[in-house]
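*Asks:* To start, I am sharing the structure in question, which I have written as structure tokens.
The values are calculated or read from the model by the stated rules, or taken from the named source; none is laboratory data. Not measured: the values here are computed from a predicted model. Note that we place each Cβ from the backbone using ideal geometry, even for glycine, and neighbour counts take in every protein chain shown.
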Amino acid sequence: MTVSRLTKLHGVQGTHPKALQTPDTIRRNNLSLILGLLHREGPQSRAHLTKRTGLNRSTISALVAELGELRLAYETESPAIGRVGRPSPLVHPNEKIAALAINPDVDAVTVGLVGLGGRVHRRIRYEAATQPSVRETVSISRAIIEGMQAELEAMERITGVGVAVPGLVRSDDGQVLLAPHLQWTNEPLSASLEQALGRPVHAGNDATLGSLAESIYGAAVGYSDAVYLNGSASGIGGGVISGARPLRGSAGFAGELGHTLVRTDGEKCHCGRSGCLDAEVRLERLLVPLGLVRADQAELERAIAERPSRELQEEVERQIDLLAVALTNFVNTFNPEIIVLGGFLGSIFDLDPERLVAAVAKETIGGLGAGVKIKRAVLGSELLLVGAAELAFAQLLSDPAGVVAPGPHQPEERRTAE
């Protein structure tokens, strides 16, 4: 992945030429660049960082030293690989710089602790008897986090909280405009969580954050044009990476791929139409032949393996065929290099991948589908937590030296300009 592509994909803004005239701005931008590379691509030698960035060796040494002083990175000796001379030390992102991540859904609230580099230190899923309200989500999240004190105290810094919501979220203030399956409308989720947790909170659409996570750490790494679909108890959401940039739309709500039409005489959808992908391809319809009311990803796949039946096979085939209609539309519209399927969509794809791949290849315009890769998301149950954590890491990654390191129990603060 080139530096220019990394900058586009993860929203790092370019700097106006005039701003580059000040040494402090240059240093700040370079610190952001190095920390971003370590966070998204893992440990790298100083020599590799020099090659990747085009900066000279002395500059890289100074930047790595400063990140070390800020406790955002650390170095270890490179393993011996048979080369003559002393190997360049490996520079690591400090995984003890962490973010809290929350994912409310209709059947559970999941909370995670995610370190720099995308490492999930802890994941706790609290199953709810009914779909949680915002008030209940806040209460459950606070209780889970209070029970994670040992893990929090082991961290060197908590940057904030990211929330992945199955609905439309206003990114500037975390207001949930509509989360239909949760029956939330115009709910101040971020503000409520900030008040309860005493930390900065940022919220976004779950599928959009899932697509971001897969593009950084998962199946879509290295692809500039990708479509991501996630299937959960709340339904189907999506995200699109186009030209190495997340497709956001004028108001930030692009990617409602679950509401593409797949069946003209289909089931009524909560959006008011009939035959949407979200209404036809449903987790609960898979659970019926399995004799389950609810299941997380691991439970679903265990049940599928243990309880095969003709009824289940027929439902899987029905859902794959309808999913193929949607994917054909997406290939014709977005012309992606890859389609990534997360949640239960990945589970049904694994049961009969040839059926889905063949249908998309056959039905797309001009044979576009024949060259599209279809893969399952690789981050599994950690996917949305890793995506949500990116929201909480954003400020630190954009200005590593501009954030004070208070300690694990206090919120982050900006340094006052001297």
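Conditions tested, residue by residue: (1) buried (at least 21 other Cβ atoms within 10 Å of the Cβ); (2) on the phi > 0 side of the Ramachandran plot; (3) β-branched (V, I, T).
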{"residue": "V331", "(1), (2), (3)": "yes, no, yes"}
{"residue": "G343", "(1), (2), (3)": "yes, yes, no"}
{"residue": "I348", "(1), (2), (3)": "yes, no, yes"}
{"residue": "I365", "(1), (2), (3)": "no, no, yes"}
{"residue": "G369", "(1), (2), (3)": "yes, no, no"}
{"residue": "K373", "(1), (2), (3)": "no, no, no"}
{"residue": "L379", "(1), (2), (3)": "yes, no, no"}
{"residue": "F393", "(1), (2), (3)": "yes, no, no"}
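*Asks:* Working carefully through the options H10, H39, find the one that is at pLDDT below 85, surrounded by 19 or more Cβ atoms within 10 Å (Cβ to Cβ) and either closer than 29 Å to R248 by Cα or within 29 Å of the chain's Cα centre (by Cα) (or both). Let's see the steps before the verdict.
*Replies:* Numbers: H39 fails: at pLDDT below 85.
Unique residue meeting the criteria: H10.
*Asks:* If you don't mind, another one. Of the residues T364, T328, T333, which single one is out of contact with any helix residue (DSSP H, G or I) (no Cβ under 7 Å at 6 or more places or on another chain) and not assigned by TED's automatic domain parsing to the domain that holds G174?
*Replies:* Numbers: T364 fails: out of contact with any helix residue (DSSP H, G or I) (no Cβ under 7 Å at 6 or more places or on another chain); T328 fails: out of contact with any helix residue (DSSP H, G or I) (no Cβ under 7 Å at 6 or more places or on another chain).
After applying the criteria, what remains is T333.
*Asks:* Can you confirm whether Y223 is assigned to a loop (DSSP other than H, G, I, E, B) and modelled with pLDDT of 80 or more? Full working, then the answer.
*Replies:* On the way: assigned to a loop (DSSP other than H, G, I, E, B): yes; modelled with pLDDT of 80 or more: yes.
Yes: the conditions hold for Y223.
*Asks:* Identify, please: which residue in region 281-311 is modelled with pLDDT of 90 or more and basic (K, R) and is, among those, farthest from V106 (Cα to Cα)?
*Replies:* Top of the filtered list is R310.
*Asks:* May I pose another question? Please indicate, with yes or no, whether at least one residue in region 262-273 is within 21 Å of the chain's Cα centre (by Cα), outside the structural domain of E390 (by TED's automatic domain parsing) and either under 25 Å from L209 (Cβ atoms) or modelled with pLDDT of 90 or more (or both).
*Replies:* Residues of region 262-273 within 21 Å of the chain's Cα centre (by Cα): none.
Checking region 262-273: not a single residue is within 21 Å of the chain's Cα centre (by Cα), outside the structural domain of E390 (by TED's automatic domain parsing) and either under 25 Å from L209 (Cβ atoms) or modelled with pLDDT of 90 or more (or both).
*Asks:* Further, regarding this structure: Looking only at strands (runs of 3 or more DSSP E) that lie completely in region 102-219, which have at least 1 residues being among the aromatic types (F, W, Y) and closer than 29 Å to R273 by Cα? Talk me through it step by step, then tell me what you get.
*Replies:* Values: elements: 108-115, 119-127, 157-165, 168-170, 175-179, 184-187, 201-205.
Strands (runs of 3 or more DSSP E) meeting the threshold: 184-187.
*Asks:* On to the next question. If the Cβ limit is 8 Å and pairs must be 6+ apart or interchain, which residue in region 346-363 that is over 21 Å from G238 (Cα atoms) pairs with which residue that is modelled with pLDDT of 95 or more and surrounded by fewer than 19 Cβ atoms within 10 Å (Cβ to Cβ)?
*Replies:* Within 8 Å, the pairs are D352/E317; R355/E317; R355/D321.
*Asks:* Taking region 180-218, which residues are over 16 Å from F253 (Cβ atoms) and within 12 Å of the chain's Cα centre (by Cα)?
*Replies:* A213, E214, S215, I216, Y217, G218
*Asks:* May I ask you to list pairs of residues, at least six apart or on different chains, whose Cβ atoms are under 7 Å apart, with the first in region 177-203 being among the basic types (K, R) and the second being surrounded by fewer than 17 Cβ atoms within 10 Å (Cβ to Cβ)?
*Replies:* As it stands, the answer is R199/P411, since those pairs meet every condition given.
*Asks:* Under 8 Å between Cβ atoms, at least 6 apart or on separate chains: pull out the pairs that start in region 13-36 with a residue that is under 15 Å from L397 (Cα atoms) and end on any residue that is among the hydroxyl-bearing types (S, T, Y) and modelled with pLDDT under 50.
*Replies:* G14/T7; T25/T15; N29/T15
For every residue, the table says whether it meets (1) under 20 Å from the mean Cα position of the chain (by Cα); (2) surrounded by fewer than 17 Cβ atoms within 10 Å (Cβ to Cβ); (3) without any contact (Cβ under 8 Å) to a residue 60 or more places away in the chain.
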site: R57; (1), (2), (3): no, yes, yes
site: L63; (1), (2), (3): no, no, yes
site: R71; (1), (2), (3): no, yes, no
site: P79; (1), (2), (3): no, yes, yes
site: S88; (1), (2), (3): no, no, yes
site: N103; (1), (2), (3): yes, no, no
site: E136; (1), (2), (3): no, yes, yes
site: A143; (1), (2), (3): no, yes, yes
site: V163; (1), (2), (3): yes, no, no
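*Asks:* Checking the condition out of contact with any helix residue (DSSP H, G or I) (no Cβ under 7 Å at 6 or more places or on another chain) and not β-branched (V, I, T), which residue from A392, A401 passes? Before the answer, list the steps.
*Replies:* Values: A401 fails: out of contact with any helix residue (DSSP H, G or I) (no Cβ under 7 Å at 6 or more places or on another chain).
None of the others qualify; the one that does is A392.
*Asks:* If I filter region 13-22 for residues that are modelled with pLDDT of 75 or more, surrounded by 14 or more Cβ atoms within 10 Å (Cβ to Cβ) and farther than 27 Å from A203 by Cβ, do I get at least one hit? Walk me through it before giving the result.
*Replies:* First, pick out the residues of region 13-22 that are modelled with pLDDT of 75 or more: 22.
Checking which are surrounded by 14 or more Cβ atoms within 10 Å (Cβ to Cβ) leaves us with none.
No; the residues of region 13-22 include none that is modelled with pLDDT of 75 or more, surrounded by 14 or more Cβ atoms within 10 Å (Cβ to Cβ) and farther than 27 Å from A203 by Cβ.
*Asks:* Give me the helices (runs of 4 or more DSSP H) completely within region 330-410, filtered to those with at least 3 residues that are within 16 Å of the chain's Cα centre (by Cα), ordered by residue number.
*Replies:* Details: elements: 344-351, 353-363, 383-398.
It comes to 383-398.
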